[in-house]
Amino acid sequence: MKIIVEKDGELLDYLYNNLDMPKKRIKQYLTHGSIFVNNTKTTKYDYHVLPGMTINIDTNAKSKKTLPFDILFEDEHIIVVNKPSGLLTIATAKEKEKTLYHIVREYLKSKNKFAKVFIVHRLDKDTSGIVVLAKDEKTKNNLQEHWNEYVSLREYVAVVHGKLAKKSAHIDQLLKETKTNLVYVSHDKEGKLAITNYKVIKENDNYSMLSINIETGRKNQIRVAFNTLHHPIVGDKIYSSIKDKEPRLYLHANRLKMYYPELGKEILFETTTPNEFKKIMR
């Protein structure tokens, strides 16, 4: 199905107003990566379209059983994916469908209508990278109950503002949370211990690219750690006072090593560094 845009607007609204098609179906096409604007696939509801642009909808794409992001591993018990930045892991009161959980569930159900999926761990909406999901409750419970025992490596790559005086360091902090869900460093010996290790792998006049390994999995742990050091992560609109023009948070979960009981051995899941990170460091 091919459409020539005649009026500017947001993609979802434009299609809904100009097609005889339920909004839910349009959302499904977006979710499954079936819509292309000027031959570029987009899954964003609010993608801005302009007069003259061409929209193509591959109405057969849903039957092709694809996801709009990479699958790193899949078997009968788990599926491991590379979550894009800007996508919630699970639903909130405001957003039910545009989540990692919903997209993966629909993908699995397109292959088996009885399929189920369970979130094992989460990443922040703004953080991209490796997420493990289970296909049955027994596997989910086992992985969650033994997560700290099974997982031996949780590595991130990030770009922060400025040059760090110490090119590698170990950061111990006690973290607490405000009533408005913001995380901060506690100085009264109360709070949850957060352990963050980093190493500078590249730097230029404005930014530093870091390899970060966390020993604990606290909420917003990495973002708070580097904001405390006065080197906030690029694109952090919550904890940084620096007004960035970058469209995303430059934090990506790139390596995860875990013992997988079904195979009886450790597996290392890896992704490449996002292109935006490489570009800003040139």
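Data for the structure
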{"item": "Qualifying residue in the range 131-142 (condition: more than 15 Å from GLU262 (Cα to Cα) and touching a strand residue (DSSP E or B) at 6+ places or on another chain (Cβ under 6 Å))", "result": "yes"}
{"item": "When residues of the range 262-282 are limited to those that are charged (D, E, K, R) and surrounded by fewer than 17 Cβ atoms within 10 Å (Cβ to Cβ), the one nearest to LEU72 (Cα to Cα)", "result": "GLU270"}
{"item": "Residues located in the range 157-183, provided they are within 22 Å of SER128 (Cβ to Cβ) and in a loop (DSSP other than H, G, I, E, B)", "result": "ASN181, LEU182"}
{"item": "Residue identified as at pLDDT 95 or above, out of contact with any Ser or Thr (no Cβ under 7 Å at 6 or more places or on another chain) and closer than 21 Å to GLY33 by Cα among LEU133, LEU153", "result": "LEU133"}
{"item": "Filter pass, LEU193 being farther than 14 Å from LEU251 by Cβ, surrounded by 14 or more Cβ atoms within 10 Å (Cβ to Cβ) and over 22 Å from the mean Cα position of the chain (by Cα)", "result": "no"}
{"item": "GLU190 farther than 29 Å from ASP75 by Cα and at pLDDT below 95", "result": "yes"}
{"item": "Some residue of the range 213-228 being at negative phi and loosely packed, with under 13 Cβ neighbours inside 10 Å", "result": "no"}
{"item": "Close pairs (8 angstrom Cβ cut-off, 6 or more residues apart or separate chains): closer than 28 Å to ASP46 by Cα in the range 220-249, in a helix (DSSP H, G or I) and open to solvent by 40 Å² or more (accessible area, probe 1.4 Å) anywhere", "result": "ILE233/ASN227; ASP236/ASN227; TYR239/ASN227; SER240/ASN227; GLU246/GLU276; ARG248/GLU276"}
{"item": "Residue list for the range 97-130, restricted to those being of a type in the set (S, T, N, Q), at pLDDT 95 or above and farther than 20 Å from THR216 by Cβ", "result": "SER128"}
{"item": "Total residues in the range 90-118, condition within 13 Å of the chain's Cα centre (by Cα) and over 17 Å from LEU30 (Cα atoms)", "result": "1"}
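The values are calculated or read from the model by the stated rules, or taken from the named source; none is laboratory data. Keep in mind that this is a model prediction, so the values were computed, not measured. Quick reminder, even Gly has a Cβ in these numbers, built from the backbone with ideal geometry, and neighbours come from all protein chains shown. Areas reflect the complete protein model, heavy atoms only, side chains present, ligands, DNA and RNA absent. Shrake-Rupley method; radii C 1.70, N 1.55, O 1.52, S 1.80 Å.
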